[in-house]
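Q: Handing you a structure now.
The values are calculated or read from the model by the stated rules, or taken from the named source; none is laboratory data. If you're wondering where the values come from, they're calculated on a predicted model, not measured in any experiment. With ideal geometry, Cβ positions are generated from the backbone for all residues, glycine too; neighbour counts draw on all protein chains shown. These area figures cover heavy atoms from the full protein model, side chains too; ligands, DNA and RNA do not enter into them. Shrake-Rupley method; radii C 1.70, N 1.55, O 1.52, S 1.80 Å.
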Amino acid sequence: MSDRKPTLSSLSRRSFLGIAWGGSLAVLLGQAVIALLNYLRPVASGGFGGQVYAGKVEEFAINSVNRILAGRFFIVRSPEGFLALWQKCTHLGCAVPWVEEEGQFHCPCHGSLFDRNGEVLGGPAPRPLDTFPVTVRSGEVWVDTSKPTQRSKFDPSQITGA
Ligand code: FES
């Protein structure tokens, strides 16, 4: 057994190294946890999965259908207001384009057809296109893409007034 007693300077060095090592480990672990939480958290704004800004009210002509790419939906503007339709086909999930010349949504995968309110006109789709809640505030149109709504048919109550 050594009778050498630890000196103040050796204890301080040991303590310093222990604190530095532990502190570095804690910072690294904290950063990893924050990165993981950010990765797992749904998008809060600005893109699909959160609130998406579609545009100013006056940018949407009456009776127009506009695709909002970032939100993966269409804004249908009628005299009564706005309807946001998810672009996802209710058959097997293909992205459904609006075909202006046909005046309908026409799924390229298996040929389902939907009218401007998203109701099924033909093909294998089992129900209308899903909708997202629309909010108009301060002249801006916002769509909550975190809450798709399935429906069995179109009803004017699904339209949000301008
Ligand atoms: S995925 Fe659209 S018709 Fe099949």
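Q: Under the definition of Cα pairs under 8 Å and six or more residues apart, what whole-number percent is the relative contact order of the range 34-162?
A: Values: 278 pairs, mean separation 31.1, N = 129.
After rounding, I find 24 percent.
Q: Let me ask another. If a/c stays under 1.5 just call it rounded; otherwise compare a/b with b/c (prolate if a/b is bigger, oblate if not). Do that for the range 95-162, with a ≥ b ≥ c from the square roots of the Cα gyration tensor eigenvalues.
A: Values: a/c = 2.12, a/b = 1.77, b/c = 1.20.
Prolate, since a/c reaches 1.5 and a/b exceeds b/c.
Q: Under the rule of at least 5 residues apart or a separate chain, name every residue whose amide H is placed under 5 Å from the amide H of residue 51.
A: 45, 46, 145
Q: When you count, for each residue, the other Cβ atoms within 10 Å and take the mean per peptide, how do 91-102, 117-128 rank with the highest first? Can you show the working numbers first?
A: On the way: 91-102: 13.7, 117-128: 17.0.
So the peptides 91-102, 117-128, ranked by packing, come out 117-128, 91-102.
Q: Can I ask one more? For residue 100 and residue 138, what is the calculated FRET efficiency with R₀ set at 30 Å and r taken between the beta-carbons, to the nearest 0.05? Intermediate results must be reported in sequence, preceding the final value.
A: On the way: r = 30 Å, r/R0 = 0.99.
For R0 = 30 Å, the calculated efficiency reads 0.50.
Q: Determine which aspartates and glutamates satisfy two conditions relative to residue 153: a Cα distance under 17 Å, and not lying fewer than 8 residues away in the same chain.
A: Once the sequence-local aspartates and glutamates are set aside, what remains near residue 153 is 115, 119, 130.
Q: Here's something else I'd like to know. Net charge around residue 94, counting only other residues with Cβ within less than 13 Å of its Cβ (Lys, Arg = +1; Asp, Glu = -1)?
A: Numbers: positive: 72, 88; negative: none.
Computed value for this residue: +2.
Q: I've got another one for you. In square angstrom, what is the accessible area per residue of the chain with a 1.4 angstrom probe? Numbers along the way, then the final one.
A: Details: 10130 Å² over 162 residues.
Result: 63 Å² of accessible area for each residue.
Q: Could you look at the chain and say what percent of its accessible area is carbon and sulfur, using a 1.4 Å probe and all protein chains? Spell out each step's value before the answer.
A: Working: 6000 of 10130 Å².
After summing per-atom areas, the C and S share lands at 59 percent.
Q: Okay, next question. Please give the peptides 77-84, 26-33 ranked by average Cβ packing (other Cβ atoms within 10 Å per residue), highest first, as a rough proxy for protection. If you can, show how the numbers build up before the last one.
A: Numbers: 77-84: 18.9, 26-33: 10.0.
Those peptides, ordered most packed to least, come out 77-84, 26-33.
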